[in-house]
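Asks: Dumping the structure here so I can ask a few things about it.
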């Protein structure tokens, strides 16, 4: 009778351990698939961030170029005005034409600078928006990795209470990943700043 009870207890323990390992395996599979899908999206966001940053830098460089050209035109205009004061009668038609040309260029450069500044700021905003979503994926990856590590410990030790904690981390990681995938405004600013 005692041998039967002992055998039954061993079978119960073995069955409980198999059930626990099955839950661990299912959880690992779900987390792995989710991480793979979110990684693809995160990589695409990082590529878009790089492009936005590059476009912003290009726009600011073009803006700087226009500012230099405007400054040169302003210097030329000042020289024309000085020449008109020093020799008002000599070559006044040429000086008036140069003055008009410089003034037109200054107005054109100022208009182009405003457009370029708005364009560059737009790219910077796009970068910041994408970075917000990238942070969501980073937090998702981190917490899902912690969950996977805990699940490995559960599989080795059979500690049932640890699986609940692993599921909490997995739930948070999946929530952050879904926020990134769906473009939801869910962000832990303090944690993101601490980790960046």
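The values are calculated or read from the model by the stated rules, or taken from the named source; none is laboratory data. Just so you know, these numbers come straight off a predicted model, no measurement behind them. Ideal geometry is used to build each Cβ from the backbone, glycine not excepted, and the neighbour counts take in all protein chains shown.
Asks: Tell me yes or no: at least one residue of the stretch 139-161 is within 30 Å of residue 62 (Cβ to Cβ), touching a helix residue (DSSP H, G or I) at 6+ places or on another chain (Cβ under 9 Å) and either surrounded by 13 or more Cβ atoms within 10 Å (Cβ to Cβ) or modelled with pLDDT under 95 (or both). Before the answer, list the steps.
Replies: Going through the stretch 139-161, the residues within 30 Å of residue 62 (Cβ to Cβ) turn out to be none.
Looking for residues that are within 30 Å of residue 62 (Cβ to Cβ), touching a helix residue (DSSP H, G or I) at 6+ places or on another chain (Cβ under 9 Å) and either surrounded by 13 or more Cβ atoms within 10 Å (Cβ to Cβ) or modelled with pLDDT under 95 (or both), one finds none in the stretch 139-161, hence no.
Asks: Any residue that is over 30 Å from residue 118 (Cβ atoms) and out of contact with any helix residue (DSSP H, G or I) (no Cβ under 7 Å at 6 or more places or on another chain) - is there at least one of those in the stretch 71-80? Walk me through it before giving the result.
Replies: Within the stretch 71-80, the subset over 30 Å from residue 118 (Cβ atoms) is 79-80.
Adding the requirement that they be out of contact with any helix residue (DSSP H, G or I) (no Cβ under 7 Å at 6 or more places or on another chain) leaves 79.
Yes, the stretch 71-80 contains a residue that is over 30 Å from residue 118 (Cβ atoms) and out of contact with any helix residue (DSSP H, G or I) (no Cβ under 7 Å at 6 or more places or on another chain).
Asks: In the stretch 101-122, is there at least one residue being assigned to a helix (DSSP H, G or I), out of contact with any strand residue (DSSP E or B) (no Cβ under 7 Å at 6 or more places or on another chain) and farther than 30 Å from residue 68 by Cβ?
Replies: Step one: of the stretch 101-122, the residues assigned to a helix (DSSP H, G or I) are 101-122.
Filter again for out of contact with any strand residue (DSSP E or B) (no Cβ under 7 Å at 6 or more places or on another chain), leaving 101-122.
Next cut, farther than 30 Å from residue 68 by Cβ only: none.
For the stretch 101-122, residues assigned to a helix (DSSP H, G or I), out of contact with any strand residue (DSSP E or B) (no Cβ under 7 Å at 6 or more places or on another chain) and farther than 30 Å from residue 68 by Cβ: absent.
Asks: Just need a number here: residues in the stretch 1-39 that are surrounded by 10 or more Cβ atoms within 10 Å (Cβ to Cβ), over 36 Å from the mean Cα position of the chain (by Cα) and either at pLDDT below 70 or over 17 Å from residue 153 (Cα atoms) (or both).
Replies: Number of matching residues: 10.
Asks: Next question, about the same structure. Mind listing whichever residues of the stretch 153-180 are assigned to a helix (DSSP H, G or I), over 19 Å from the mean Cα position of the chain (by Cα) and free of Cβ contacts under 8 Å to residues at least 40 places away in the same chain? Reasoning before the result, please.
Replies: Start the filter on the stretch 153-180 by keeping residues that are assigned to a helix (DSSP H, G or I), which leaves 153-157, 160-180.
In the following step, the residues that additionally are over 19 Å from the mean Cα position of the chain (by Cα) were identified as 153-157, 160-172.
Of everything in the stretch 153-180, those that are assigned to a helix (DSSP H, G or I), over 19 Å from the mean Cα position of the chain (by Cα) and free of Cβ contacts under 8 Å to residues at least 40 places away in the same chain turn out to be 153, 156, 157, 161, 162, 164, 165, 168, 169, 171, 172.
Asks: For residues in the stretch 47-91 being closer than 30 Å to residue 183 by Cα and surrounded by 15 or more Cβ atoms within 10 Å (Cβ to Cβ), which is nearest to the chain's Cα centre (by Cα)? Spell out the reasoning first.
Replies: Step one: filter the stretch 47-91 for residues closer than 30 Å to residue 183 by Cα, giving 47-60.
Within this subset, residues satisfying the condition of being surrounded by 15 or more Cβ atoms within 10 Å (Cβ to Cβ) are 48-49, 52-53, 55-56, 59-60.
On the way: 48: 8, 49: 6, 52: 10, 53: 10, 55: 15, 56: 14, 59: 20, 60: 20 Å.
Taking the candidates together, the pick is 49.
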